[in-house]
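Down below is the structure, laid out as C-alpha cells.
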Amino acid sequence: MAKARKRAARKSSAARSRPTQQDAIALLKADHRQVEEWFEQFESTRSDERKQKLAQQVCQALTVHAQIEEEIFYPAFLAATEEEDIHHEAEVEHAGAKQLIAQIEESGPADEYFDAKMKVLSEMIKHHVKEEEQRDGMFAKARQSDMDLKVLGEQLAARKAALLGEAAASGGSRSRRGASTGIALR
C-alpha cells in the first residue's frame, strides 16, 4: 500500500507538470489521494483559518473532480461497459456529496456543524473512492473494457485545467454569504 501511495504521489506530481501523460484512472486516483490528504490535515488542525482554507480546497477539488467524471469518464464508462448499476450509484453518490459541499461552502468554522459536515463529507468520499477503486469496481471494469484510458486521461486533464483556469480567472472565489474566498489548489 505504501508503494502504491508513493507511485500515486509521483504520478500526481507528473500530472501537474505534464497532464497528458496519465491515463484516466491514474488521474482520478491522484485526485482521490490529494483530497484524502486534505481531509487528514483538516482533522488534525485546530486553526479555524486553516480549517476554512482546507475546506475550500476540498470543496473546489471535489467539485472539479465530480464535473470531469460526470462529463467525460462516466458516460464513456457506461457506453463501454453498460454497467448501469455502478454508473447510477456513482451519480447518486455525487449528488449527495454536492449537497453537502454546498452547505460547507455556505458556512465556516463558526458554524457549530462545520466540523461534522466535513467529517460526513470525508466519510462519503471514502466510501465513493472505495467503490470506484475496489477490485470489481468501476475502475477495474473500465480497465477490462475497450475504453481508451489514455485519450480519456488527456480529455480529463484538459477539462480539469480549463475548470481550474475558470476558477482562477474569477479570482478563485465563490459567493459565500457575499464574501469572497480565495482557493489555492496546490
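FYI, it's all coordinate maths here, none of it is from the lab. Only a predicted model underlies this, so the values are computations on that prediction, with no experimental measurement involved. Neighbour counts are summed over all protein chains in view; Cβ atoms, including those assigned to glycine, are modelled from backbone coordinates with ideal geometry.
Observations, loosely collected:
- Using θ = phi - 60° and Karplus 6.51 cos²θ - 1.76 cosθ + 1.60, couplings along the stretch 157-163 (whole Hz; Gly, Pro as x): 4, 5, 5, 4, 4, 5, 5
- Modelled spin-label separation between Arg143 and Glu70, with each label point placed 7 Å from Cα along the Cα-to-Cβ direction: 2.8 nm.
- Applying a DSSP loop filter and a limit of 16 other Cβ atoms within 10 Å to the chymotrypsin sites (Phe, Trp or Tyr not before Pro) in the stretch 65-143 leaves Tyr113.
- Protection-proxy order for peptides 39-52, 115-128, 150-163, each taking the mean of Cβ atoms within 10 Å per residue, highest first: 150-163, 115-128, 39-52
- Label-point separation, Ala102 to Val120 (7 Å along Cα→Cβ), nm: 1.4 nm
- Rounded to whole Hz, the Karplus (6.51, -1.76, 1.60) HN-Hα couplings of the stretch 108-124, x for glycine and proline: x, x, 6, 6, 5, 9, 4, 4, 5, 5, 5, 5, 5, 4, 4, 5, 4
- Filter on Lys53/Lys160; Lys51/Lys150; Lys51/Lys98; Lys29/Lys119; Lys29/Lys53 - keep pairs with C-alpha separation over 29 Å: Lys51/Lys150
- Applying 1/(1 + (r/R0)^6) with r as the Cβ-Cβ distance of Arg46 and Glu131 and R0 = 45 angstrom yields a FRET efficiency of 0.90.
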